[in-house]
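Structure first, commentary second.
A short reminder: the numbers here are calculations on the coordinates, not readings from a lab. None of the values given here were measured: they were computed from a predicted structure. Methodologically, a virtual Cβ is constructed for each residue, glycine included, from the backbone with ideal geometry; neighbour enumeration extends over all protein chains shown.
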Amino acid sequence: MLRQYEDEIRSLEDEIHQLTEKFRSQEKFTHHEGEHLPMTPLKTNQNAADLEGELQNATDLEGELEVLELELAYLKKLTGTEFTEYSRKSAERNDSQTLHKYTLAGNCGCLSFTLEFELLCNLQNDTTAVVTDLNILILDSEGDSELRTFVSAIEEKTNLLLFFRAFSAFSECCMRRKNTFRRFKERYPVLNRLPEGSSADHMVVTNPQLLGSELIIVWQIYVGEEGTVTPVLDLLTKIPEQALALDQKKVVERAPAAFRTLLKVYRIDTAIDKLIQAFAMLE
């Protein structure tokens, strides 16, 4: 009787051992095969060709994103314009056309901008798109009357390309003026004053030996109708009446014309430097 139980126990142990080995073998096979399965489960009606197409589309999107990032980096290097915000909303749509509302913000040099515009696209012709409404906000441009006038003209013409071309050049000219005024203030700290800061459009030159006498270098930036940006410099004089009475050679009266002549002969930096040295009677 005991022998019979022992045989049954051994038989059960063998069966358990066989089942255990079979389970381990199946688990190993399942795990090995699972390593080659996609992360997302297949749909019931999705075949291998559909999956391959989705994977290819994902790869294409990644490639397009990399290309767009490279283009944005190149655009920033070329124009100095960096975009910081972008949004698009669908406003209207019918069988022939669609209207989208865009918001675009960024900065260029020392100036920041925000654009809001509507773009009307022809669905039958992908190359046809018209800007129908344009609002431009330029930060820190209260003192730039020329830029405000130009922005108003751009908004009326709804010409985005013209805006970016002129805005980039205008910002570059603003940076040059700011750096030039700051450099002369550091070079001649006693003689030069920047009453409204280095970003303003003028710098005051004084002479401690001539009390009450000042030369005001005005540096404005003119933006033409076609987007051309031109620096325009002039000289204003502030001389006491008693000193003017002693100026028999009309030096003060001829000073603005002489400064404009210097600008034609020399670069802006050199012309300003020569003017300061002459007024302060520096050797």
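One table, with the values for the structure above:
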read-out: Summed residue charge, Cβ within 13 Å of Leu236's Cβ, Lys/Arg positive, Asp/Glu negative; value: -2
read-out: Cβ-Cβ FRET estimate between Lys274 and Lys157, R0 fixed at 41 Å, reported to 0.05; value: 0.50
read-out: Leu137 versus Val265: modelled label distance in nm, points set 7 Å from Cα along the beta carbon direction; value: 4.9 nm
read-out: Members of Lys249/Lys274; Lys178/Lys274; Lys77/Lys101; Lys238/Lys274; Lys185/Lys250; Lys77/Lys264 lying beyond 24 Å, as alpha-carbon distances in this model show; value: Lys77/Lys101; Lys185/Lys250; Lys77/Lys264
read-out: Gained length - Asn179 relative to Gln124, 0.36 nm times residue gap less alpha-carbon distance; value: 14.7 nm
read-out: Rough spin-label spacing in nm, given labels placed 7 Å along Cα→Cβ, for Glu71 and Glu186; value: 3.9 nm
read-out: Extension reserve of the Gln248-Glu82 stretch, reckoned as 0.36 nm per residue once the Cα distance is removed; value: 54.2 nm
read-out: Kirkwood-Stokes translational diffusion coefficient of segment 126-283, alpha-carbon pairs, 20 °C, 1.002 mPa s, µm²/s; value: 121 µm²/s
